[in-house]
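Below is one structure, written out as structure tokens; comments come after it.
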Amino acid sequence: MTPGEFILIPLGASVLLVGLIGWWVWKRERTRPSDQCPRCGYDLRGNRRDGCPECGWNTRRPIRRL
């Protein structure tokens, strides 16, 4: 194995892994129905409150900025 291959093979595998994880997250978020909790996926149809009873996510809670 040449020194160039010693660096390029792990780097390529890392880029591929990060790309696959990014694609999976993007695909998962796009396919989630709008009547599910964005945090845990709990079915919110028929929910009279402004949040999720399963995980505590709240639609009225202000977004924290870093």
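For the reader, a short list of remarks on this structure follows.
- If you go through segment 28-43 and keep only what is surrounded by 10 or more Cβ atoms within 10 Å (Cβ to Cβ) and in a helix (DSSP H, G or I), you end up with just 28.
- Test for residue 46: is it of a type outside the set (Phe, Trp, Tyr) and either modelled with pLDDT under 85 or assigned to a helix (DSSP H, G or I) (or both): no
The values are calculated or read from the model by the stated rules, or taken from the named source; none is laboratory data. Values in this document were obtained by computation on a predicted structure and should not be read as measured data. Positions of Cβ are generated from backbone atoms using ideal geometry, with glycine treated the same way; all protein chains shown enter the neighbour counts.
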